[in-house]
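The values are calculated or read from the model by the stated rules, or taken from the named source; none is laboratory data. Here the structure is a predicted model, which is why all the values come from computation and not from measurement. Reconstructed Cβ throughout: ideal geometry from the backbone, glycine too, with neighbour counts over all protein chains shown.
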Amino acid sequence: MGRVLKLGPGAAEKYNLKVGDRAVAENIVPCGNCYYCKHGQYNLCDPHAVFGIVQYNGGWAQHMIYPKGSIVHKVPENISLKDAAIIEPLACALHGVNKAKIQHGEVVVVIGCGAIGLLMIQGAKLKTPKHLIAVDMNNHRLELAKTFGAEVTINAGEEDAVARVKSLTEDGVGCDVVLEAAGNNKSVNIAVDMLRRGGRLMEFSVFAE
């Protein structure tokens with residue numbers, strides 16, 4: 001996020017911006033022409049560029065150019081820099097929570113207590129689950145998970161996470177929902193094993209292997 005120094009033709013009208021305004025661009029720059037872009041699902045754009053990863057330089061520089069096709073948002077002056085910085089990861093986390101369709105009284109597990117996982121815990125808490133369980137291998141993160149709303153925390157490196165989760169469910173059948181945010185393929189196997197039949201796995205993270 002930064003201050004607008006210069007605007008190209010039509011940018012002021014398109015984004016409701018003027019020089020001096022605070023603005024931020026979404027990290028994906030969609031092509032605007034593929035099937036997904038034409039159907040309003042630009043986040044699924046196949047040939048998309050990504051600031052700092054694909055095609056365009058990232059945001060660590062002092063100055064940054066938002067190319068044509070960028071999705072740019074004006075940041076109101078009454079929002080602090082800290083609050084503005086958390087909007088994107090919070091939106092991602094809540095999108096994952098909503099995709100899981102959590103119902104009142106269900107047993108919900110969040111695997112991975114990084115920034116996204118912790119925000120997912122906050123969002124899931126609002127769905128009033130019967131149990132909200134956090135799984136990670138870092139005790140500091142698990143302590144944070146408690147402050148974010150987790151009722152039960154499990155260190156998967158110190159105990160059998162699957163057995164512990166099942167012990168907290170009716171007849172030991174397993175949990176209703178798992179939100180996977182660890183970015184580790186082993187976490188997916190654990191998630192599947194702790195789910196009851198007909199349960200829902202929301203695979204949010206991206207992993208290399």
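General remarks:
- Among the residues making up the range 128-143, those that are crowded, with 17+ Cβ neighbours inside 10 Å and either more than 17 Å from the chain's Cα centre (by Cα) or at pLDDT below 95 (or both) are Pro129, His131, Leu132, Ile133, Met137, Leu142.
- Tabulated pairs, the range 1-28, first under 15 Å from Ala61 (Cβ atoms), second crowded, with 17+ Cβ neighbours inside 10 Å and among the polar types (S, T, N, Q), C-beta under 6 angstrom, 6+ apart or interchain: Ala25/Ser70
- Annotation note: of Ala93, Ala124, Ala150, the sole residue that is in a loop (DSSP other than H, G, I, E, B), of a type in the set (Gly, Ala, Ser), out of contact with any Lys or Arg (no Cβ under 6 Å at 6 or more places or on another chain) and surrounded by 14 or more Cβ atoms within 10 Å (Cβ to Cβ) is Ala150.
- Scan of the range 12-41 for residues that are hydrophobic (A, V, I, L, M, F, W, C) and buried (at least 17 other Cβ atoms within 10 Å of the Cβ), ordered by number: Leu17, Ala23, Val24, Ala25, Ile28, Val29, Cys37
- Qualifying residue in the range 74-81 (condition: of a type in the set (S, T, N, Q), more than 20 Å from the chain's Cα centre (by Cα) and on the phi < 0 side of the Ramachandran plot): yes
- Residues of the range 168-209 that are part of a loop (DSSP other than H, G, I, E, B), closer than 28 Å to Asn43 by Cβ and not aromatic (Phe, Trp, Tyr): Ala181, Ala182, Gly183, Asn184, Ser205, Val206, Ala208, Glu209.
- The residue that is farthest from the chain's Cα centre (by Cα), among those in the range 162-184 that are closer than 13 Å to Arg197 by Cβ and either surrounded by 14 or more Cβ atoms within 10 Å (Cβ to Cβ) or modelled with pLDDT under 95 (or both), is Val173.
- For the range 177-197, filtering for residues that are free of Cβ contacts under 8 Å to residues at least 40 places away in the same chain, within 14 Å of Val165 (Cα to Cα) and among the β-branched types (Val, Ile, Thr) leaves 1.
- Some residue of the range 154-161 being surrounded by 14 or more Cβ atoms within 10 Å (Cβ to Cβ), at negative phi, small (Gly, Ala, Ser) and not in a helix (DSSP H, G or I): yes
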